[in-house]
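These notes are about the structure you will find just below.
Read the figures in this text as sums done on the coordinates, not as results from a lab. Everything quoted here is computed from the prediction, not taken from an experiment.
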């Protein structure tokens, strides 16, 4: 039996469905470099991805195999040369990936090659449709279909035949922000196990504190497939339901993207389409660079530029400030984060941005607007997080950071606010009520407490 396993975002040996029974017969791992993804992703994610790919290549060689890396234009030549009995690949919900996989499966079917489509980036099967709320999805679909599964052992030996193929070197994009995330599969496992021992049981209590190590920080490794979602579910099951719910959110947004691919560029809720978002390039640039004059927002945006990552609580705050206080198009913010995040995931990013803007699945009502000053008082009460990323505010105490009127005088190097929370809230509500009132939709279906 000759098996080909096509790697995309499953860059590990342990608990990898692509590698199940890889020790039997001839096994040929391959990765086709996708030009679309090369252009779509920012250098931060690309740098970590190709680092992970080099690690995988070395790991496969260590057990006697070989990972072929080819340009996507060489797919047909590869299959004509290798002539496998079966090809394995993992499903992907992103619109481009689905189109790519359909073309590939059609090609393999035309050549009489069997195809096995496996699941790795999702924990639950794709439902026939979407659920109106996360709670319904979690109770009626996720918990009904998901249970901890036994791990798939890493192969101890792989027999890969040698072929004359036009292989290419692994790209090496530069990104300082990605450097701190570089790790081997073994190091990722050690970091995860350390979190399981010291942080998982307290996850629900600590997950919203950006200055504290209360989250797993595994999202970049999940994005590149350096750790299995199934393993994380096994370890969290019965220990932290809140962490299990966070894993379920990934499936929730992925299923929405699968059934509604148009939401990459369009609001999921039709009543929001045509909303008069602003396109102020100067204010957007100040938001993107962490110079809004709102301490928690600026800390989050500077963390992004420095580390390629933002704490989840802060992601909600920066998105809410851009869309609700500055009234700037959520698509601008979604693209900026996607191009700079080391864990950039299309379904999660689009879903979270539409949630924050109010136009997506299970979104907060339009009148729910975060006050970033109150968010800082609640989740960064000692201003440790703000002081870490906004050094010009070091001499201002936590209470002083909430006094925007006097903050600039105390810290003259810090910019005045683009708009205060009260001004931003008042303006957004005025625009939203006029927009929905003109559409006779003042009582929106998601205006609920």
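Annotation: Cα Rg of the stretch 71-178 relative to the compact-globule expectation 2.2 N^0.38 Å equals 1.43.
Averaging over all projection directions, the Cα-based convex hull of the stretch 263-438 occupies 9.3 nm² in the image plane.
The C-alpha atoms of the chain define a longest principal axis, and helix 421-438 lies at about 80 degrees to it.
The C-alpha atoms of the chain define a longest principal axis, and helix 95-110 lies at about 10 degrees to it.
Of 44, 215, 81, the residue with the greatest mean-square motion in the GNM of the chain, using alpha carbon springs below 10 Å, is 81.
With the convex hull constructed from alpha-carbon coordinates only, the stretch 217-314 shows a mean projected area of 8.9 nm² over all directions. Panel values: the stretch 31-122, Kirkwood radius from alpha carbon pairs, Stokes-Einstein at 25 °C and 0.890 mPa s, translational diffusion coefficient 166 µm²/s. Can you give the calculated 222 nm mean residue ellipticity of the chain, where each DSSP H run of n ≥ 4 adds -39,500 (n - 2.57) and the sum is split over every residue, rounded to the nearest 500 deg cm²/dmol? Computed ellipticity for the chain at 222 nm equals -13000 deg cm²/dmol.
Considering only 225, 308, 424, the mean-square fluctuation computed in a Gaussian network model of the chain, springs between alpha carbons under 10 angstrom, is largest for 424.
Taking 15, 343, 34 in turn, the Gaussian network model of the chain (Cα-Cα springs below 10 Å) assigns the largest fluctuation to 34.
Of interest is the spacing of the C-alpha centroids, which for the stretch 342-396 and the stretch 276-322 amounts to 8 Å. Principal-axis analysis of the Cα atoms of the chain puts helix 295-307 at an angle of about 20° to the longest axis.
Taking Cα atoms of the stretch 10-73, Rg/Rh with Kirkwood Rh, to two decimals?
Result for the stretch 10-73 is an Rg/Rh of 0.99.
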